[in-house]
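Colleague: Have a look at this one before I ask anything.
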Amino acid sequence: MLGTTGLPRAAKAMTVCTVVALVVVTGYTVVLGGSGWLWLAWMVLVLVTVGMASAGDG
């Protein structure tokens with residue numbers, strides 16, 4: 001991933017999960033139509049991931 005070299009392992013895993021979730025939500029939106037709740041959940045996941053990444057090791 002770009003710019004993830006200094007992140008702890010848990011933050012790297014969250015980043016991967018966030019990107020996978022983006023692909024899934026986008027695919028769902030394309031196939032079945034948009035869902036505001038899915039996009040809201042993805043945005044919460046993004047915020048948690050950013051929080052973990054910015055917290056770092058301490």
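Results for (1) closer than 21 Å to residue 8 by Cβ; (2) open to solvent by less than 80 Å² (accessible area, probe 1.4 Å); (3) not in a helix (DSSP H, G or I), shown as yes or no for each residue.
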{"site": "21", "(1), (2), (3)": "yes, yes, no"}
{"site": "28", "(1), (2), (3)": "no, no, no"}
{"site": "31", "(1), (2), (3)": "no, no, no"}
{"site": "34", "(1), (2), (3)": "no, yes, yes"}
{"site": "40", "(1), (2), (3)": "no, no, no"}
{"site": "47", "(1), (2), (3)": "yes, no, no"}
{"site": "52", "(1), (2), (3)": "yes, yes, no"}
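Colleague: Can you report the number of residues in the range 1-11 which are at pLDDT 70 or above and either open to solvent by 80 Å² or more (accessible area, probe 1.4 Å) or small (Gly, Ala, Ser) (or both)?
Modeller: Within the range 1-11, residues that are at pLDDT 70 or above and either open to solvent by 80 Å² or more (accessible area, probe 1.4 Å) or small (Gly, Ala, Ser) (or both) number 3.
The values are calculated or read from the model by the stated rules, or taken from the named source; none is laboratory data. Here the structure is a predicted model, which is why all the values come from computation and not from measurement. Quick reminder, even Gly has a Cβ in these numbers, built from the backbone with ideal geometry, and neighbours come from all protein chains shown. Surface areas here come from the heavy atoms of the whole protein model, side chains and all, with no ligands, DNA or RNA. Shrake-Rupley method; radii C 1.70, N 1.55, O 1.52, S 1.80 Å.
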